[in-house]
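Here it is, the structure in full.
Readers should treat all values here as calculations from the given coordinates under stated rules, not as data from a laboratory. Small disclaimer: the values here were computed from a predicted structure and weren't measured. Cβ sites come from the backbone with ideal geometry, for glycine too, and all protein chains shown count toward neighbours.
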Amino acid sequence: MRVRRGDESDAQELILDAGDAAAEDPVEAAILPVNIPYGFARKFGVVLLDSDNGQLKVAQRDGEDPRALIEVRRFLSRAFDLEFVPADRFDAILSERYAMDGQAAADAASGLGAASDLDHLAGDIPTAEDLLDTADDAPAIRLINGIIADAARQGVSDIHIEPYESGLVFRMRVDGVLHETLRMPPHVAPVIVSRIKVMARLDIAERRVPQDGRISLTLAGKLLDVRVSTLPSRAGERVVLRILDKDNAGIGLEQLGMPEAIDKGFRRALAEPNGIILVTGPTGSGKTTSLYAGLRLLNDGSRNILTVEDPVEYAIEGVGQTQVNPKVGLDFATGLRAILRQDPDTVMVGEIRDRETADIAVQASLTGHLVLSTVHTNDAVGAITRMRDMKIEPFLLASTLRAVIAQRLVRRLCANCREPVEASSAVAALLGLDAGTTIYEARGCDACGHTGYTGRTGVFEIMSIDRDLQRIIGSNGDESQIANYAFLRAPSLGASVRALVRDGITSVGEAVRVSRAETQVANGVQ
């Protein structure tokens, strides 16, 4: 029977007709295939789904040639049901189906350490190799590929590879918390580290100084950018791999989870023709993601948008991005000064960390540019003090600042296993609730990996600069004066995180972990 492209009815009929005899054979029906080979699945857009009551099911990407199903039928030697899926969903299924799990990584680790494995360390790694399409079975390579694939599948942000005298420890940061996932003998550490350095184009002979590099990978068609950092330590070189999912570069403001009032304030500030917008918070609180979301809103083709970052985490089409390079004298101040000669409308500076950069940012805003940047402070009001410490005059701050946003990330309670409890008197006082009010705590189940949490959500506060606040800042008002006015009608970080606890989104322990000072000060708890 000939199968026409796109004719779903003929394809379904072909599979059912070809599989009737095989389905009647109980011996053959009991044999479950391992999987369709990955190369074939990716090329022809077919993937084997989990069986349902012993009946196989195959998904095919929309628009693919149904004739590929004939070869699938021959390979499986069994009848199967057919489902047509959109391209984006197919890619997700393919990644989930073929990613190496943690047990596979552990199995790969058990064979590592033979002298012959060292021959593979200096192999020529392509610029972007596919983790799931490699024919090289060297244990070191399989282990690294398996760990990165497993980490990407679980949403891990960082992989820590730590050598100690007692062994080599692998830890992964999931939702902001590190978990140990693998422990190996100490003598394999140089093998693993050298292989990673080869993949990142680093100097494998240099072990005395820190090095930074990048690895570009694909995981079943999904682009990953892995940032590599090495650091000499007493027992060998420590390595941290930061996994940057390029799909996250497309996150818009509406996906950040900001409350409506804060979202409106941010959009209002972004609509200003000039001024400074600051995002504050500790490392890993999502500041860069928020700034990128703002840039995407502004990136409509009518503006010249330029950035200077350390490093450039995500590439944004239509935005000119420059990475600082201290080795050649290109720091934030030098880069920002050069950017201003490129006729920009909007400028993003990765971080304001010294007086020179702060001075140039202020001057840029005064000359008609919108400047976006970050400052490492605990809250929005602290950014004012930090800028004053950099010797920026109060009257300049008052006239250039448009908004300051502070943010944190808290883990979400697992909806399947969160446990309702009555708030004790101490907790109720901390949250501003009546004693005995129902709140939720983490418990743990299979769905959340027995952590009690799944994913994270943002906690925000915004300080929008209006005329009254300009007068307070310009007259060199202290932090308490600024905060009393700024958060008279808008929620502070402490108030925002307490609302998440009351709504059952996060736990008391998680709220205190990320905003202890703000929560206690807001309630007068010492």
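Give me the Å³ per residue figure for the convex hull around the C-alpha atoms of the stretch 375-520. Could the numbers behind the result be given before it?
Details: hull volume 15.7 nm³, N = 146.
So the per-residue hull volume is 108 Å³.
For the pair residue 180 and residue 207, what calculated FRET efficiency results from E = 1/(1 + (r/R0)^6), where r is the Cβ-Cβ distance and R0 = 25 Å, to the nearest 0.05? Show your work: numbers first, answer last.
Numbers: r = 24 Å, r/R0 = 0.98.
E(calc), rounded to 0.05, equals 0.55.
Here's another thing I want to ask about it. Could the peptides 142-149, 320-327, 394-401, 437-444 be put in order, highest first, of the mean number of other beta-carbon atoms found within 10 Å of their residues? Provide the component values of the computation, followed by the final result.
On the way: 142-149: 24.2, 320-327: 14.1, 394-401: 19.0, 437-444: 16.8.
Highest-to-lowest ranking by the protection proxy: 142-149, 394-401, 437-444, 320-327.
Something else: Could you sort the peptides 475-484, 40-49, 412-421 by per-residue average Cβ neighbour count (10 Å cutoff), highest mean leading?
40-49, 412-421, 475-484
Taking θ as phi - 60°, what are the ³J(HN,Hα) couplings along the stretch 445-456 by the Karplus curve (6.51, -1.76, 1.60), each to the nearest whole Hz, with x for Gly and Pro?
Each residue's phi maps through the Karplus curve to give 7, 5, 5, 10, x, 6, 9, x, 9, 9, x, 9 Hz.
Next question, about the same structure. Once you order the gyration tensor axes a ≥ b ≥ c over the Cα atoms, which shape class does the stretch 442-496 get: rounded for a/c under 1.5, otherwise prolate or oblate by comparing a/b with b/c?
prolate
If you average 1/r over all unlike Cα pairs in the stretch 309-366 and invert the result, what Kirkwood radius do you get in angstrom? Don't skip to the end; give the middle numbers.
Values: mean 1/r = 0.0842 Å⁻¹.
Kirkwood radius, the stretch 309-366: 11.9 Å.
Against the empirical 2.2 N^0.38 Å scaling, what ratio does the C-alpha Rg of the stretch 405-448 come to? Mind showing how you got there, number by number?
Details: Rg = 13.0 Å, N = 44, 2.2 N^0.38 = 9.3 Å.
This ratio for the stretch 405-448 stands at 1.40.
Can you list, bin by bin at 5 Å, the percent of alpha carbon pairs in the stretch 250-397, starting at 0?
Spelled out per bin, shortest first, that is 2, 9, 20, 24, 23, 15, 6, 1, 0.
Okay, next question. Enter the mean projected area of the convex hull around the alpha-carbon atoms of the stretch 329-438, in nm², rounded to one decimal.
Details: hull surface 44.6 nm².
Hull-based average projected area comes out at 11.2 nm².
Scaled to the compact-protein estimate 2.2 N^0.38 Å, what is the alpha-carbon radius of gyration of the stretch 158-280, rounded to two decimal places? Don't jump to the answer; show the numbers that get you there.
Details: Rg = 19.5 Å, N = 123, 2.2 N^0.38 = 13.7 Å.
After normalising by residue count via 2.2 N^0.38 Å, the value is 1.42.
Continuing with this model, one more query. Based on Cα positions only, what radius of gyration and what Dmax would you give for the stretch 161-203, in angstroms?
My reading of the Cα-based Rg and Dmax gives 11.7, 32 Å.
Using 0.36 nm per residue of separation minus the Cα-Cα distance, give me the extension gain between residue 457 and residue 300 in nm, one decimal. Don't jump to the answer; show the numbers that get you there.
On the way: separation 157, 0.36 × 157 = 56.52 nm, distance 2.76 nm.
This chain segment gains 53.8 nm when fully extended.
List, in the order given, every pair from 222/264; 57/222; 222/287; 287/391; 197/327 whose Cα-Cα distance in the structure shown is over 27 Å.
Values: 222/264 33 Å; 57/222 24 Å; 222/287 24 Å; 287/391 24 Å; 197/327 20 Å.
Table pairs above 27 Å Cα-Cα are 222/264.
How big is the Rg/Rh ratio for the stretch 234-323, C-alpha atoms only, Rh by Kirkwood, two decimals? Each step should come with its number before you reach the end.
Values: Rg = 15.3 Å, Rh = 14.9 Å.
Rounded to two decimals, Rg/Rh equals 1.03.
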